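Following: one structure in structure tokens, then a few remarks.
The values are calculated or read from the model by the stated rules, or taken from the named source; none is laboratory data. Keep in mind the model is a prediction, meaning the values are calculated, not measured. Every residue, glycine among them, receives a Cβ derived from its backbone with ideal geometry; neighbour counts consider all protein chains shown. When the accessible area is computed, the model is the full protein with side chains, heavy atoms only, and any ligands, DNA or RNA have been set aside. Shrake-Rupley method; radii C 1.70, N 1.55, O 1.52, S 1.80 Å.
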Amino acid sequence: MRSALRAAARGVRGANPVVGAAVLSASGEVLHVGHHRGAGTPHAEVDALRAAREAGTDLRDTTLVVTLEPCHHTGRTGPCSGAILEAGVPRVVYAVGDGTDTARGGAAALMERGVDVRAGLLAEDARDLNARWFRAQEQQRPFVTLKIAQSLDGRVAAADGTSRWITGEAARGEGHALRSRVDAILVGGGTLRSDDPSLTARDATGGPLTRQPLRAVMTTRPVPADARVRRGVVRAEEHDGRFVHLDTHDPHEALARLRGLGVSHVLVEGGPTVAAAFLSCDLVDELWLHQAPVLLGAGAPSVGDLGIGTITAASRWRGDPVGVPDDRAVAPVGEDLRWHLRPARGTPDADSLDAGASRPGAPATPQRHPASRTPAGPAPTPGSGPADARGTATNSPDDTSSAP
Ligand SMILES: Nc1nc(O)c(N)c(N[C@@H]2O[C@H](COP(=O)(O)O)[C@@H](O)[C@H]2O)n1
């Protein structure tokens with residue numbers, strides 16, 4: 001299971017949990033490992049079984065160990081329960097159950113077909129690893145990533161509103177790769193008016209990437225008929241660059257609407273007021289922050305007023321090495337610096353990985369932070385993060401100034 005947990009940490013955060021699997025011999029030797037690489041790609045079990053098949057491993061006396069209960073549904077991919085039965089693996093050990101209504105049930109289905117299934121091994125570690133994903137599922141909302149591209153002094157635009165480009169090409173490339181992985185991108189009315197963004201996912205030449213997210217603007221004002229965001233990106237993919245106007249200032253309402261449109265992962269790209277609105281409601285699960293070696297001295301801040309009056313009430317974040325190309329929570333990207341962060345409010349997932357579980361050769365048992373004793377979905381720790389988990393933002397996204 002420790003091998004499976006380490007493999008899981010090579011995945012990406014978002015619509016799906018990070019999941020790892022290992023095929024063990026009868027004597028308990030790890031023969032193959034696999035992991036899930038994000039929504040739409042094979043699940044960890046299928047990845048590990050593929051490795052076994054390619055190596056010609058006889059699976060008749062093996063055990064499949066997986067960090068999450070095998071799924072029993074056809075979503076973007078087929079059911080893992082079926083793949084395991086087809087492969088003829090006689091024993092399955094999983095860490096933690098899949099609580100989702102759609103995917104759960106794999107364990108029962110396998111047992112019915114005579115597979116020896118055990119649950120609960122290193123369950124707390126497995127749950128910790130995906131604490132924010134479980135929390136988003138429990139709250140029945142999409143997983144939320146906030147992306148910020150800012151100057152050294154925390155600004156996303158110069159005094160005249162110009163923002164192209166603060167960060168360099170490499171950081172922008174990461175941003176576009178992230179765009180093409182999410183189901184929807186969301187910006188506020190201020191960004192719409194100041195930048196007129198297209199919100200498409202593009203490659204280095206400016207051409208559209210294969211997968212395009214739904215493009216959402218959250219504003220109570222009209223979205224002009226000629227706004228770039230309304231212009232079609234013709235793609236045969238799931239969300240294929242459609243546009244949606246979210247006529248609200250309430251992040252909860254915006255997320256509920258997006259969920260209704262089939263969105264499981266939303267990328268909030270600003271501006272400052274929208275960022276503050278999501279942060280104030282404790283609705284940011286993951287933060288990608290690119291910081292450029294540029295000083296602006298004036299201009300829009302990356303995050304608007306969070307209502308924090310004193311340092312003990314600061315919104316604190318911790319490094320998350322899971323889901324970034326180099327397994328590093330803080331890393332140089334071209335000339336810029338990338339921070340990959342999670343709220344430090346007590347969701348324990350990356351605490352366990354601070355000890356190095358995502359890195360090859362790391363200690364087998366992830367260490368947990370003392371604050372990680374509660375299961376996924378704990379209430380925010382008082383004073384350690386953005387306030388009310390069900391709070392409604394007081395700032396209006398329409399007041400927003402520019403963001404890249
Ligand atoms: N057992 C298992 N292994 C994985 O590697 C997984 N990613 C999951 N995810 C579960 O299945 C749902 C996604 O299914 P699709 O990728 O859309 O087919 C996800 O919501 C989890 O419940 N499970």
With criteria (1) within 10 Å of the ligand (Cβ to nearest atom); (2) open to solvent by less than 40 Å² (accessible area, probe 1.4 Å); (3) modelled with pLDDT of 95 or more, V46 comes up short on (2)
Checked D98, D58 against criteria (of a type outside the set (F, W, Y) and more than 15 Å from the ligand (Cβ to nearest atom)); the one match is D58
Result of the Cβ filter at 8 Å on region 167-186, keeping first residues that are within 11 Å of L199 (Cβ to Cβ) and assigned by the TED database to the domain that holds V229 and partners that are polar (S, T, N, Q) and open to solvent by 10 Å² or more (accessible area, probe 1.4 Å), at least 6 apart or interchain, is R179/T200
**Message:** Suppose the filter is more than 11 Å from the ligand (Cβ to nearest atom) and more than 27 Å from R181 (Cα to Cα); does R118 pass it?
**Reply:** yes
*Test V244 against the criterion of being in a strand (DSSP E or B), more than 16 Å from the ligand (Cβ to nearest atom) and closer than 17 Å to P197 by Cα, and give yes or no.*
yes
message: For region 142-156, check the following and say yes or no: at least one residue is over 24 Å from G299 (Cα atoms) and outside any strand (DSSP E or B).
response: yes
In region 49-61, residues that are open to solvent by less than 70 Å² (accessible area, probe 1.4 Å) and without any contact (Cβ under 8 Å) to a residue 24 or more places away in the chain total 1
Worksheet item: Quick one: is R328 at pLDDT 90 or above and touching a Phe, Trp or Tyr at 6+ places or on another chain (Cβ under 8 Å)?
Response: no
Taking the conditions exactly as written (open to solvent by 10 Å² or more (accessible area, probe 1.4 Å), under 24 Å from L283 (Cα atoms) and small (G, A, S)), does G120 satisfy them or not? no
Expected output for region 292-310 (first residue on the phi > 0 side of the Ramachandran plot, partner at pLDDT 95 or above and loosely packed, with under 12 Cβ neighbours inside 10 Å, Cβ below 7 Å, 6+ apart or cross-chain) is G299/A159
Restricting attention to region 76-88, does a residue exist that is under 30 Å from L287 (Cα atoms) and either open to solvent by 30 Å² or more (accessible area, probe 1.4 Å) or within 10 Å of the ligand (Cβ to nearest atom) (or both)?
yes
The lone condition S180 fails out of (1) at pLDDT 95 or above; (2) within 15 Å of the chain's Cα centre (by Cα); (3) not in a loop (DSSP other than H, G, I, E, B); (4) not hydrophobic (A, V, I, L, M, F, W, C) is (1)
Reported set for region 24-40 where residues are open to solvent by less than 40 Å² (accessible area, probe 1.4 Å) and within 14 Å of the ligand (Cβ to nearest atom) is G34, H35, H36, G38, A39
ask   = Has region 165-173 got any residue that is within 13 Å of the ligand (Cβ to nearest atom), under 25 Å from the mean Cα position of the chain (by Cα) and not aliphatic (A, V, I, L, M)?
value = no
By residue number, the members of region 144-154 that are more than 18 Å from L199 (Cβ to Cβ) and surrounded by fewer than 24 Cβ atoms within 10 Å (Cβ to Cβ) are S151, L152, D153, G154
